[in-house]
Amino acid sequence: MRTPLPLLLLLSIPVCATAAPQALRLTSPDGLTYIDISAAGGRATYAAGCRKVLPAKKKATPADTIDVPLLEASPLGLKSNIGTWDDGLAIADVAYGKNPTVETYDLRQAKQSHIRYEYNSCTLMLKNQRGQLLGVTFQVSNNNVAFRYTFPQQDETLAAVVTEELTGFDLPAEATAFICPQSNPMIGWKRTKPSYEENYIWDQPATTRSQYGHGWTFPCLFRIPAQGAGGAATSASAWLLISETGVGSDYCASHLSDATPDGLMRIAFPLEGENNGFGSTGAQIGLAADGTSPHNDAYGHTPWRTITLGTSLQPIVETTIPWDVVEPLYAPSTEYKGSRNTWSWIIWQDASINYDDQVAFINLAADMGWEGCLIDGGWYKNIGRQGMERLFALCREKNVRPWVWYNSNGGWNDAPQCARNCMASPILRKAEMRWLRDGGVAGIKVDFFAGDKQETMRLYEAILSDANDYGLQVIFHGCTLPRGWERMYPNYCGSEAVLASENLVFSQGFCDMEARHACLHPFVRNAVGSMEYGGTVLQRRLNRNADGGSTRRTSDVFELATAIAFQCSGQNFALTPRNLTEQPAFELDFMRQVPTTWDETRLLDGYPGKYIVMARRHADRWYVVAMNAEGEPLKLAIDLSVLNGFPVKEFTLLSDGPTGTTPQQTTAKADKRGRLQLTIQPQCAAVMF
């Protein structure tokens, strides 16, 4: 274990009158999250951890806490065509921000609507052997660390290509991981990968080699088992969630490399074969000159690397760091709202993309009182533009706003669905969006992207920016992870970037694992960005006539719970017209009023892939879900008193009954302490509101 560095006074002035320190510590406003930064021996490193209050210390001072190291000394630096910062480095200067700094902002389409971000910060300048400078800015908030590099002008040079980032994350040897492999490029169905749609490893050693040998997609969740006397593992754990945010058109997206045998993982850039081999794997970036760029926050910087850490999972699920450190890139052109949509394709599949079936799902949306209906791939050929305009007119009559599917392509994969090339060209894209706006369309779902190269990041941003000009929201599928996009792009709605509900139809094995995935994603994928999963399947058999195909294993109430557990402001639910007569009325009533935008999110209990108890608040109403993915009944004591405003004296409880086979709606009460005792059967759930 490292010896803790002395806590530096957090000044608001640069440390430049004397030689800059070569080692320093920066802590969070509450003093319980820290980073240690060093340039000892010419190598720039940082380490991160928590400070844990000693037992029996109710009013603790800094002397009553101990360090809990979660990341060991990890490398900083990068390589570019104008300079390299790897070894022979020194800290030339350190400047502290106003510590603490407090910022507030509102966010419509994420897990929390009004956010207060309080942090301490410093920027240090790393000088290499040629005397060239590279800035590194750190922000440390309670349970979060974010950092990025800044490129000052180098003599007359105002542009650079970053070829490699040396940033690493050195995990303790005992760390285990919940992570998803980065796939080979140009593989899978119609050569459409990578699309962040691989199988996770679950609680396996972080040094496990990835399936394809290319490392792991963001976000990456790690468990650090606690060590007791003599180094023996205890039941307590600490947790790390590593990701990145702030990736727009100015950089490529990244992932993590496979770990070395001693646990070091590094930032890895896109693979050469992505985007059909077109475009650089690095990043072309303009350098910050005199600070007068109209978009200073997006100019001359790398994306932010983010680490959420703590001695419980609550900070992981509740973190807002993906949005805290970014800024909106443009104003919304209209007032965008959440949307609950019907979606024929998910159960009825390709054959349903015809005029008559879309009428049925528009009527279903009207019957449910939902805002929208998604018309998926195949409309261009099977319905045609005139037919679509008739559907648009029907939507206006029914007070339902349509969403329309598009292929992103261009020339980067072989996906055959029609409406190809409409989004790849700015000329065709704007004409298409004008037609959609004139038809009253609420948004578009754009599918089949090409990887993480900067070339593709520019396409994402171009689609979002143009769509905003025409008042359209955007969902992405077959795509990368969103990286702060809810705040950067106000018309961004959500992304797939996960093995989603379509796999329930494709594979019985995926149905068998559905509960485990549902109890994993709030801790990992959905913790850092809106996840358009397309869930809440109420048919037991997954084909059009409910007489064949794969069989759903989860209970009805479990499926209702996913409408709360999965966060996305635009939800394409998997209900079908037959559900109107086959499901109990209370299930449909719940789905008629379930919101898709949230003001607050709280984790009450859980373990990734096993079970979860979480709460989300919309306006003045809390929704609490408890979901069990294990093979045995789960006994819970849920503390509802921690939810300010939850009606603990009497509330509605949806459950699966004592055997897990009888969905029912009852009223319930918490005990005098605000606790509710529940037993949840395997692959079942409870919903409280």
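For this structure, a couple of remarks:
- Of all residues making up the range 174-226, the number that are among the aliphatic types (A, V, I, L, M) and assigned to a loop (DSSP other than H, G, I, E, B): 4
- Restricting the range 648-662 to residues that are within 17 Å of Gln593 (Cβ to Cβ) and in contact with a helix residue (DSSP H, G or I) (Cβ under 9 Å, 6 or more places away or on another chain) leaves a set whose member that is surrounded by the fewest Cβ atoms within 10 Å (Cβ to Cβ) is Thr652.
- Residue satisfying all of: in the range 657-671; modelled with pLDDT of 95 or more and not aliphatic (A, V, I, L, M); farthest from Arg553 (Cα to Cα) among these: Asp671
- Failed item in (1) in contact (Cβ under 8 Å) with a residue 60 or more places away in the chain; (2) of a type outside the set (Val, Ile, Thr); (3) closer than 30 Å to Gly411 by Cα, with Gln211 passing the rest: (1)
- Residue within the range 278-298 that is without any contact (Cβ under 8 Å) to a residue 12 or more places away in the chain and either surrounded by 22 or more Cβ atoms within 10 Å (Cβ to Cβ) or assigned to a helix (DSSP H, G or I) (or both) present: yes
- Note on the range 663-689: residues that are touching a helix residue (DSSP H, G or I) at 6+ places or on another chain (Cβ under 9 Å) and exposed (fewer than 12 other Cβ atoms within 10 Å of the Cβ) total 1.
- Of Val140, Val68, Val161, all but one fail to be under 31 Å from the mean Cα position of the chain (by Cα), aliphatic (A, V, I, L, M), surrounded by fewer than 18 Cβ atoms within 10 Å (Cβ to Cβ) and in the same structural domain as Leu26 (by TED's automatic domain parsing); the exception is Val161.
- Residue selection: Thr601 fails the criterion of being assigned to a loop (DSSP other than H, G, I, E, B) and either modelled with pLDDT of 95 or more or in contact with a strand residue (DSSP E or B) (Cβ under 8 Å, 6 or more places away or on another chain) (or both).
- Matching residues in the range 242-270 - criterion: being out of contact with any helix residue (DSSP H, G or I) (no Cβ under 7 Å at 6 or more places or on another chain) and small (Gly, Ala, Ser): Gly246, Ser254, Ser257, Ala259, Gly263, Ala268
- Hey, Arg116 assigned by TED's automatic domain parsing to the domain that holds Gly88 and surrounded by fewer than 16 Cβ atoms within 10 Å (Cβ to Cβ) or not: yes
- Among the conditions (1) surrounded by 19 or more Cβ atoms within 10 Å (Cβ to Cβ); (2) in contact with a His (Cβ under 7 Å, 6 or more places away or on another chain), Asp599 misses just one, which is (1).
- Criterion violated by Leu560 - all others in (1) over 24 Å from the mean Cα position of the chain (by Cα); (2) surrounded by 22 or more Cβ atoms within 10 Å (Cβ to Cβ); (3) among the hydrophobic types (A, V, I, L, M, F, W, C) satisfied: (1)
One line per residue, one yes/no per condition, for (1) within 22 Å of Gly484 (Cα to Cα); (2) modelled with pLDDT under 95; (3) of a type in the set (S, T, N, Q):
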site	(1), (2), (3)
Thr208	no, no, yes
Tyr212	no, no, no
Ala238	no, no, no
Glu244	yes, no, no
Ser249	yes, no, yes
Gly263	no, no, no
Leu271	no, no, no
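- Restricting attention to the range 126-140, the residues that are of a type outside the set (Gly, Ala, Ser), under 12 Å from Pro152 (Cβ atoms) and free of Cβ contacts under 8 Å to residues at least 60 places away in the same chain total 4.
- Hits in the range 595-643 (condition: in contact with a Lys or Arg (Cβ under 6 Å, 6 or more places away or on another chain) and without any contact (Cβ under 8 Å) to a residue 40 or more places away in the chain): Ala615, Asp639
- Test: residue in the range 463-483 that is among the charged types (D, E, K, R), over 18 Å from the mean Cα position of the chain (by Cα) and more than 26 Å from Trp345 (Cα to Cα): yes
- Any strands (runs of 3 or more DSSP E) falling wholly within the range 36-124 and containing at least 3 residues that are modelled with pLDDT under 95: 45-53, 65-75
- Qualifying residue in the range 379-395 (condition: outside any helix (DSSP H, G or I), in the same structural domain as Arg544 (by TED's automatic domain parsing) and within 22 Å of Glu496 (Cβ to Cβ)): no
- Residues (crowded, with 24+ Cβ neighbours inside 10 Å, touching a Ser or Thr at 6+ places or on another chain (Cβ under 7 Å) and of a type outside the set (A, V, I, L, M, F, W, C)) located in the range 467-485: Gly478, Pro482, Arg483, Gly484
- The single condition among (1) under 29 Å from the mean Cα position of the chain (by Cα); (2) over 30 Å from Leu603 (Cα atoms); (3) buried (at least 19 other Cβ atoms within 10 Å of the Cβ); (4) of a type in the set (A, V, I, L, M, F, W, C) that Ile362 does not satisfy is (1).
The values are calculated or read from the model by the stated rules, or taken from the named source; none is laboratory data. Note that the structure is predicted; figures quoted are calculated from it, not measured. Positions of Cβ are backbone-derived with ideal geometry, glycine not excepted, and every protein chain shown enters the neighbour counts.
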